[in-house]
Structure formats: C-alpha cells, structure tokens
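Written out below as structure tokens is the structure these notes cover.
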Amino acid sequence: MTRLWLLLGAVGLVLLPWYGLETPAASVLGLRAEAAPALFAGRWWLWPLVVPLGMAFAGWLVPAGVAGLAWMAGQGLVIGLRGWGISWLGLAGAAPAQAAMGWGAAAFALACLMWIAIGLARRGWCRGDVFVLGALLLITGLIALFVAWPVLSILSSAVRDNAGAFTPGALPDKLFNRAIWGLDCLGGGRGCGVAWNTLAQALVVGVLATLLGLAFALVAVRTQLPLKPLVRVLSLLPVITPPFVIGLALILLFGRVGVVTNFLANSFDIPRTRWIYGMPGITIAQLLAFTPIAFLVLLGVLEGVAPSLEEAASTLRAGRWQVFRTVTWPLIRPGLANAFLISFIESLADFANPLMIGGNFNVLSTDIFFAVVGAAHDQSRAAVLSIVLLVFTLTAFLAQRAWIGGRSYTTVTGKGDAGLSAPLPLGLKAACLGVVVPWLVLTVVVYGIILGGGFVKTFGRDYTPTLDYFLTAFSIDRGVGGWFLSGSGWRSFITTMQLAAIATPVTAFLGLLTAWLLSRQDFAGKWAFEFATMMSFAIPGTVVGISYILAFNVPPVELTGTGLIIIISFVFRNMPVGIRAGLANLAQIDRSLDEASMTLRAGTARTLRLVLVPILRPAIVTAMVYGFVRAVTTVSAVIFLVSGEYNLATVYIVGRADVGEYGVALVYSAVLIVTMAAVLVGISAMVGRQRIGRRGTLPAAELATT
Amino acid sequence: MSDAVIFRGVSKRYGQFAAVDVIDFTIAKGTLVTLLGPSGCGKTTTLRLVAGLEHASSGRIEIGGKDVTNLSAAERDVSMVFQSYALFPHMTVLENACYGLRASGIARGRAEAMAAEKLALVGLEGLERRLPSQLSGGQQQRVAVARAIVLEPKVLLFDEPLSNLDAKLRRHVREEIRGLQQQLGLTVVYVTHDQQEALAVSDRIIVMNAGRIAQDGTPRELYEAPRNRFVADFIGDANLLPATLRRTGATEAEVRIGTLSLTLPHRGVADGAVLVAVQPHSVRLGAAGEGLAGTVAKAAYLGSHREYEVALPGLAHELFVVAPVAQPLAAGEAVGVAFDPAGLAVVPEG
C-alpha cells in the first residue's frame, strides 16, 4: 500500500510530463520540450523535489508530504509563465519561466497527500485508519484547490488594478462606490445602486415565493382537490428547465409585441409598454422558478404537523381559524423562515433571468458578467462586485444554517398518527385557491410556449406550424461521407452531454464520500470541514465562474479553455447535492451495520464497498441523476468558462436568444427539457422498481431501536 | 484456566464526562459474564471497548493474552451480536453468515460450508436464501448469532440481545444462548439491564453504576450478599431498612431493626447505623403483636403468589412482601412482621 504511493511519487517526478494537460502519451510521444518529466531538461527549481521523495522512502512520511506540497506550491507561485510571478519578492536575475502544471505534478501532489495520510495514521490519528485520513485529505485538498483558491483569487484581484499592480488603497473606493450603494432612486434620481437592487429583488421574491409556496402546500395537503400529483410534477420542472427559458417565455407573452400585450392593445387600446423588462419581469420569472422549491420545503413541514395536535385544539373548543392561528401557524413558522431564506439565496444568485428580462435593471450577478465580457473588461470591478454578492449569499446561508438548521417543531416519529388534519378556515381556503389556480394557468401557458413556441413561424404573429427552427438546430444530412449531424445545435448538445456524463460519477463519488466522513467519522476540525464543503453551495454561479477565470487562467494551474475546467465546475457546484442526499440516507442506516461489519474483520474500505454502497445504491443513482440534470441546465458559472471548442447547450441558447433567434432558442430548450425529463423519469422508474425488489418490506436497520 | 479478557484501569471519557471510570476486571476463558446495570451506567460502553468500537482514553485492554488497546475492531479476535442484530439488509442469510469469513480471506466455497454448518446449529436450515426482512424477529436474532460464532472468536459479545423479542421468546432464547455457550465452550460477555436475565444466564455478574464497578461476583453472591446499597436495591427488589449494628463475635453481630433484635453475620461492616437488605420473600406476616408492628397498605393477587405493601409505622418505611397465596390479608389489616434470617444481609449505609 505504502509502496504504491511511493512509486506514484517517483513516477510523477521521473516518468510523467510535469507540464501540460494533454494526455500523457500524446505529450511524451510528441517529444515537446515542456513534456519532459520534472527532473530533466535543466529545470533546477524542480530538483529539490527529490528531497521529499527521498524522505518518504526513508519513512519520514508526514514531513516528506508537507515539504513536497509546500515546495510545489511555492515554486509554482514564484516562477510564472513570464518569469518571476510575485514581483514584491524582489528576486533579481534572469527569471526562468514555466508553464502550467500537468499530469506529473498532479500525480506527485496526490502521492504527497497520501504520504501524509499514511504517516498520520501510523501516529494513531483517526484510530489509525488510512482510508479515512486519505479520503479526508483528498477532499480537503480538492476543496482547497477548486473552491478556496478561486475565492482567494477574487480577493486578490479586488486589491489590484487591471494591470495587476497591487493597489489596496483603491479598494474602499471600489467597494463603497455610488454605483453599488447609491440611493438615488429614493430621491427620484436615476436608480439605486446595484447592491440595493439585488437585495430588494431577493426580498420581494423571497416573501412572495414563500407565500405562494405556502398557498400551494396548503391546497395540496389540506384540501380534497387532486392537485398534489400535478403540483409535484410542476415542482420538478424548474430542475429540468434551463433557467433563462422562463424569462424568454415571459417576453413572448408580455413583451412589447407579446401575445397578451397584442391582445390588450388591439382589444382595449391599452398602450404597449416595456413594463416586463426589469423588476416585474424578473420577479415573475424567479417566482415561476423558485416557488416549487419553497413549496417542497413547506409541504414537508405541513405534513409533519401532527394532526393530533390540531384535534386536541379543536376538542378544546377552538374554531377553525383559532386552530390555524394558535397551533398550525406557530408550528410551521420555522419552515416559513427556511423557505424564505432558500428563495432569497436563489434569487440573489440567479443570473439567467435578470440577463434575459432585466432590461436596465441591473443586479449583482449580471453586473459581474458585463464587467468581464462587456467592452469595459474590468476584472477588478467584477471581483469587487463578486465580494459583495458573496457576502450577501454567505450571510443568508449562515443565517439559514445557524438559525433554522436544527430548529423544527415538527416531528416524524415513525409512530402512526391516526388523526385527521383540521380543515382550513373557509376564507383562507378561498384565498389559497384564488392564488393557486391562476398561477397554475400561468405556469401551464409558460411551459406551453416553451415547448411549442419553436414550432410555429413567429410566435405572437404567425402561427403556421413549421419545423424550420428544429431543423436548423438538429438536422441530420447525408453528405459525401455518409450521414452527419448538420444542425447547428448538435455540437454543443453533444459536448454538454459528454462533459456532464463525465462529471456526474465524480460528483456522486466525492459527495457521498464526504457525506460518509461527516456522518460516520469523528475527527478534529470536523465542523470546519463540513462548513467548507457546504459553503460551495452558497457561492453563486457567477462568482464561481469569475473566480475560476481569475484563478485558472495562468500557471501554476491553467485550465481555462479546456473541457476539464467545465467538468470541475460541474463537480464542485453539484457536490453538495450528493452530500445532502448522502447525509439524509446515511442517517437512516443504523450505525450498528457498519460496526457489525467492522467486528466481522472487514476494514473501512471493505465495509463501505460491501455494506453501505449497496444499501445506498438508490440514493446514489438519484444523486447522480440530479447532478447530471443540474449540470446540463446550468448557465451562470459555465457562461464564463466555455470556449470555441467546448461550447455548452445553455450558453448556445442564450446566444441565440441574445441575437433574437427566439425560435431556435425555444426549440433547443424544448429538446433539453424533454431529454432531461426522459432521463429523470426513466431512471426514477428503474430505481423505484429496484428498491421494491431488493429491500423488501422491513430491513433489519429499521428495526433498530438504539 | 487462563483469562480471555483483562481490563486494567480502563477509562473512557467524553470531554469532562467519564462514561467508564477506571475499571479493572478479568473474564475467565469459557465463562459467561454479564455486565449489568441501569441505562447510562457504562455497561454498553464497556462492551464496545472490548469490541474495539470505542477506544479507551486510558488503561490497557488484553484479549487472549495480547494487548489490543490500540487495535481497531476489525483487528481484534472478537465478534458481537448487536441489539438491533445489524443484519445486512441487502444480503441473504447465508451471505450475512459468510461475511466475516470472506472478509478474513476464506474462499467462497469453504466459507459457505462453514456458515451453513453454524446456521444449522442455530436451527436455520433451509432459510439460507432468504433476506433478513423475510424472517421473524427470533430468526433474525439467530442469524446474528450464527454470523458471530462462525468466526470462532476468542470472545463473543452480546449487547442486550433479547430486548427486541417478546416476553415469551425471551426466556427461550436466553436458554438457547446459554446452551450454545456451554456446548461450544465460548467466552461470552453479555450486556443487559434486566437482573432476572442476568441471574439466569451468568457464571459471573459485574454490576456497574455510574461508570464504575459496584460489585463483581456470582449471581448467588450478589443476591444473597450485596456489598452496598446500590447492588442490594438493583438486584432482587430488596427492601432496605435502617438498623443499628453492634459486633458480638468474630463474624456475628446484633442487629436492631426498630423493636426487633436479630443475630446476623456482620460481613465486615462497622458498628453503628447500617442498612439491612430484606428479600421480599423472606418476610413472614403473622398475627398482630408478634415482631414489628405493621399495617397492610396494599394487597395484590398475582396467581402464583401475593404481593403486599406493609407500612411499618415504627420505622417510617414501607415493606414490599411476596407471600404464598394461602391466608389472604386485606388492606388495612394490622399484622406482625418477622424475618427469615437467610434472606437478610447487612449493607453499609450510604
């Protein structure tokens, strides 16, 4: 075991190309100068890495690993692509230059981590369990490199000007700028700062989404209407819908030449306006997208209210309103706060809807985007805006975790509660239905436009059915060399599927490994580990995108323009989904199963492989499907990371919509939605069957009473 | 006979709280030893320390003459039957029973033969292909036992194995476990909070209280000669009556309980105020005027015997009494209370 990792370290230094991320074979066979392994080609700054390797072979594993990693990081930062990377060190002399680290460096770094794990295990850390320590260090290392380091790069960019000079003095000016914090709109001026815009937008959406979600949940749980299945289907839609499509559909409905606008103008002479562009449009679009999330949270909370409590209240002479006001409402209040904060965070982080329908109403996420891609190309400003947005989302995230995290009055004990929920007060019921039914109609209309709008000539004016747009994007022609995919959308579609398919298993593996460490192992600094892993959930996609550009555009780790950086962003954006699924499912598996396996002579890795993974298989598949779908439909992070070679479906659609080709954009969106729905439904059906077949009625784990 | 398990000054602390507080004991090979105590006394933690599922904060643990203090569960030669059974729900009965053998690197064919043999021993022949969820509670328990003994461990651990069974099955299963232990000559450490169960199956009982050992002895020693108030109270529902003691000989003492004077072994207890543990069935209720004056406060008929609560005004105490069915007494009747000296034991106060 130890020998294997020693060997890997040696291979990393003397066999694999130290620089470059082409496949090792390609770069070695190409015999390019930079493809030489570390110790060759006269690169004296890499020679000291022999020392840690020697130390490791001599058995000083921990110091060897630490020294190896430290020297790698140090030389990587000091010696850049064009000489000295850190100017203030004042290094003189002819600067050597080096390219970005490659496979050899990755292998050597991994070996260093494992040396440390083995060394610490020998000293009795984590009960001497190499597997636990190895997993812990691997995940910590990955998070440090792909979450913490990019965020630090943002901070470092914020204190530099765009030429790269260190100018901390300018930071307060940039941070407390009028454009960000101005309050002109209160005095009737042009508009408020972008930070206020963002906060106001999130507040409105948070409150409205919570109320709408509550209305839906009340209707689903407490009335006889057969809405539940329908609402459950609708709640899946936002997951499979690329986020900006809703904005697009709203433009087609309410824009200056939208269907509704036309109707009102022609029939009632109501003048055409651009009211939908801006806060109203963003609000409607975000509500359509986030209400289902609030609904799911509140549905669980409402179902968790024990009917016997309400029955107790009504036998104590309380009327319907009194029961609702004095029992039900206080019980669900923590759930309401939770739903509010989740919608609030989603709205803060949303990028695609403001981009599509925001008009002149700027929010932080779109401003960040335009600071980088616009004519201005002001990285420093993007970094500062990112910091503001990050502070907002992290604060809300921390509030949600600290304040609500464990607090819930509702209890699911597993004991049957035979009571019946109290009927809703009539006024409340009428109000809920009055909101829910029109909203359902709007949702159906919006999705109708999305799915069908691309199959007519010009939506809103000419409803002649046509396949033109579909064929533009997805035609298949017969040419000289046989059949080929001639549609303009194929390339991005296939790239998306490939990259998401590669990222998905990695995401699930890392997410579940992390969940297992968190739920089953005790180690020093566990809360910090948990915080770091879950924090990546709170970083808005736009901030991830900009931070990856800032961190991985230049050596020592250069990834921009590759498919790898897109895969990595998928993995670390979606890993928390796997962690949550894993935590929830592991909590249901009694620890005595692991312990039984351990007392039966099975080691940690074996226990994980033979006992936990098979039991968790349905959860793993579900996490993988969601990871895949989320990867396919995301736009905010990857819009910064795509390149000519690796373009993605969502970015392609945004591009089409941007130049006014709504037909192609809608057709492509419909294809994505249908594909993702097929993936979701198909796999869910498979997993569902498997669960019934394999796990029978009553697993021993559920008999556990400890 | 050598010792299978040795604990030397073992503690397990969680922060400030000591779940197990410097305990020493040895367990002889081929015996069944019970860890007995109320919930939270540290008995399960002690068992998990033997298993290697918890690691001692200080002290030293030996199994089969080998220091295992820092070894993990997988590296120790013990196996355990869990309270929840912890059967792997995705594996068949046979796969569950084979698990330990396969993990130890034994080829599938041989492992299955060994497992099938042990499954037959616990009476599960023909159920090898079932999933645990298709078995009754009692059958699941047998699978858990078979899975544990198939490894022929130096020590077999039971964590409250009967708590998920109904009352009738309990008696049966506990006799089976005892029978199996004696048949195979196993060394067993058994955790329970039920003193009846402990008395019935054990060669020796270690009574624990608040992380320490309250008393360590044979069932008879514990029942008839409790060393302190806690043990007297916990084993056999003994009544504890205040008394005064004066030594009168090398082993004898005069013990006064209210107006009653008895001669009992002093068991090393010093002169002065003491407690006398009175077994409920050693109280004789006679006509008023003989012995201590008492009044029947409550009376209950339980078929095989009667139970009374007798108020003793002179001692300001109530006495729990188990009496034969004949000669019923009614609540409110005045009685005279006498004791059978064989059922009494002097216990230091406090």
> Using 1/(1 + (r/R0)^6) with R0 = 30 angstrom and r between the beta carbons of A:A73 and A:D173, what's the FRET efficiency to the nearest 0.05?
Replying inline: 0.40
> Put A:W329, A:W125 in order of accessible area, largest first, 1.4 Å probe: what do you get?
Replying inline: A:W125, A:W329
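Expected output is a single nm value to one decimal: the length gained when fully extending between A:R3 and A:W60, i.e. 0.36 nm times separation in residues minus the C-alpha distance. What is it?
In short, 19.2 nm is gained.
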> Taking only Cα atoms, what is the 0 to 90° angle, nearest 10, from helix A:194-222's long axis to the longest principal axis of chain A?
Replying inline: 60
>> Under the 0.36 nm per residue contour assumption, what length would be gained going from the current alpha-carbon distance of A:R256 and A:A685 to full extension?
In response: 150.1 nm
> Under a plain spin-label model, where a point goes 7 Å from the Cα along Cα-to-Cβ, how far apart in nm are B:R220 and A:Q322?
Replying inline: 6.9
> Once a ≥ b ≥ c are taken as the square roots of the eigenvalues of the Cα gyration tensor of chain A, is the result rounded (a/c under 1.5), prolate (a/b larger than b/c) or oblate (a/b not larger than b/c)?
Replying inline: oblate
> Using a 1.4 Å probe on protein heavy atoms, which residues of region A:615-641 have at least 30 Å² less accessible area in the complex than alone?
Replying inline: A:I615
> Please state the equivalent ellipsoid semi-axes for region B:238-348: what are the square roots of 5 times the Cα gyration tensor eigenvalues, largest first, in whole Å?
Replying inline: 27, 14, 11
> Hey, got the dipole for chain A? About the Cα centre, +1 on K and R Cβ, -1 on D and E Cβ, debye to the nearest 20?
Replying inline: 1160
> By a straight-distance test (C-alpha under 29 Å), which lysines pair with B:K168 as possible cross-link partners, with residues fewer than eight away in the same chain excluded?
Replying inline: A:K415, B:K43, B:K118, B:K298
> Among A:M676, A:L600, A:I579, which residue has its Cα positioned farthest towards the positive end of the charge dipole of region A:490-703, with +1 placed on the Cβ of Lys and Arg, -1 on the Cβ of Asp and Glu, and the dipole taken about the Cα centre?
Replying inline: A:L600
>> If you average the alpha carbon positions of region A:34-74 and of region A:208-235, how far apart do those two centres end up, in angstrom?
In response: 60
> Based on the Cβ-Cβ distance from B:Q134 to B:A200, what FRET efficiency comes out when R0 is 30 Å, to the nearest 0.05?
Replying inline: 0.45
> About its Cα centre, what dipole magnitude does region B:3-224 give when the only charges are +1 on Lys and Arg Cβ and -1 on Asp and Glu Cβ, stated in debye to the nearest 20?
Replying inline: 300
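What share of the DSSP beta bridges in chain B is antiparallel, in percent to the nearest 5?
Around 80 percent antiparallel, to the nearest 5.
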> Using a Förster distance of 60 Å, how high is the FRET efficiency between B:A300 and B:E75, based on the Cβ-Cβ distance and rounded to 0.05?
Replying inline: 0.65
> Where both residues lie in the protein assembly as shown, what percent of DSSP beta bridges are antiparallel, nearest 5?
Replying inline: 80
> Ordered by residue, what ³J(HN,Hα) values in Hz, to whole numbers, does region B:80-96 give under the Karplus form 6.51 cos²θ - 1.76 cosθ + 1.60, where θ = phi - 60° and Gly and Pro are x?
Replying inline: 9, 9, 8, 4, 8, 6, 6, 6, 6, x, 9, 10, 6, 3, 5, 5, 4
> With every protein chain left in place, what is the accessible area of A:V437 in Å² (1.4 Å probe, nearest 10)?
Replying inline: 70
> Along the Cα-to-C-beta direction of A:R609, a point sits 7 Å from the Cα; which residues of region A:133-160 have their amide N less than 20 Å from that point?
Replying inline: A:133-139
>> If you average the C-alpha positions of region A:599-642 and of region B:115-172 separately, how far apart do those two centres end up, in angstrom?
In response: 34
>> Ordering B:R306, A:R317 by accessible area with a probe of 1.4 Å, largest first, what comes out?
In response: A:R317, B:R306
> For helix B:108-121, what angle does its Cα long axis make with the longest principal axis of chain B, in degrees from 0 to 90 and rounded to 10?
Replying inline: 30
> Does a label point 7 Å from the Cα of A:A165, set along Cα-to-beta-carbon, have any residues of region A:335-379 with amide nitrogen under 12 Å, and which are they?
Replying inline: none
>> Test of understanding: extend the Cα→C-beta vector of A:L138 to 7 Å, then name every residue of region A:510-529 with backbone N under 14 Å from that spot.
In response: A:510-517
> In terms of Cα to Cα distance under 18 Å, which lysines are near enough to A:K429, apart from those fewer than 8 places away along the same chain?
Replying inline: A:K228
> Once label points are set 7 Å from the Cα along Cα→Cβ at both B:Q327 and B:S2, what is their separation, rounded to one decimal in nm?
Replying inline: 5.8
>> Below 19 Å, Cα to Cα, which lysines can B:K66 reach? Residues fewer than 8 away in the same chain don't count.
In response: B:K29, B:K154
> For the peptides A:581-593, B:186-198, what is the packing order when you average, over each peptide's residues, the other Cβ atoms within 10 Å and list the highest mean first?
Replying inline: B:186-198, A:581-593
> Using θ = phi - 60° and the Karplus curve 6.51 cos²θ - 1.76 cosθ + 1.60, what whole-Hz ³J(HN,Hα) does each residue of region B:12-26 get, with Gly and Pro shown as x?
Replying inline: 10, 10, 10, x, 7, 7, 9, 6, 10, 10, 6, 10, 10, 6, 10
>> Averaged over its residues, how many other protein chain Cβ atoms are within 10 Å of peptide A:600-608's Cβ atoms?
In response: 6
>> How tilted is helix A:61-78 with respect to the longest principal axis of chain A? Cα atoms for both, answer in degrees (0 to 90, nearest 10).
In response: 80
> Going by a 4.7 Å Cβ-Cβ cut-off, which cysteines of chain A have no partner at all?
Replying inline: A:C112, A:C126, A:C432
>> If I stretch the segment between A:T223 and A:V445 completely, what's the gain in nm (0.36 nm per residue apart, minus their alpha carbon distance), one decimal?
In response: 77.5 nm
>> Can you list the residues in region A:115-139 whose accessible area drops by at least 30 Å² when all protein chains are present, compared with the chain alone? Use a 1.4 Å probe, heavy atoms only.
In response: A:R127
> Which is farthest toward the positive dipole end of the protein assembly as shown among A:A312, A:L252, A:F340, measuring Cα position about the Cα centre, with Cβ charges +1 (Lys, Arg) and -1 (Asp, Glu)?
Replying inline: A:L252
> Quick one: ranking A:Y469, B:Y301, A:Y548 by accessible area, 1.4 Å probe, largest first, what do you get?
Replying inline: B:Y301, A:Y469, A:Y548
> What is the magnitude of the charge dipole of region B:238-348 about its Cα centre, with +1 placed on the Cβ of each Lys and Arg, -1 on the Cβ of each Asp and Glu, and no other charges, expressed in debye to the nearest 20?
Replying inline: 140
> In the protein assembly as shown, with Lys and Arg counted as +1 and Asp and Glu as -1 at Cβ, which of these residues, A:T466, A:A117, A:G281, has the Cα nearest the positive end of the dipole, that is, farthest along it?
Replying inline: A:T466
> Long-range amide H contacts for B:R212: which residues qualify at under 5 Å (H placed 1.01 Å from N, peptide plane, sequence gap of 5 or more or a different chain)?
Replying inline: B:D21
>> Given bins 10 angstrom wide, list per bin the percent of all Cα-Cα distances in region A:575-635, short to long.
In response: 21, 44, 24, 9, 2
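The values are calculated or read from the model by the stated rules, or taken from the named source; none is laboratory data. Note that the structure is a prediction, hence the values are computed from the model and not measured. For neighbour counting, all protein chains shown are included, and Cβ atoms are generated from backbone atoms with ideal geometry for every residue, glycine included. To get the accessible areas, we keep the full protein, side chains included, count just its heavy atoms, and leave off ligands, DNA and RNA. Shrake-Rupley method; radii C 1.70, N 1.55, O 1.52, S 1.80 Å.
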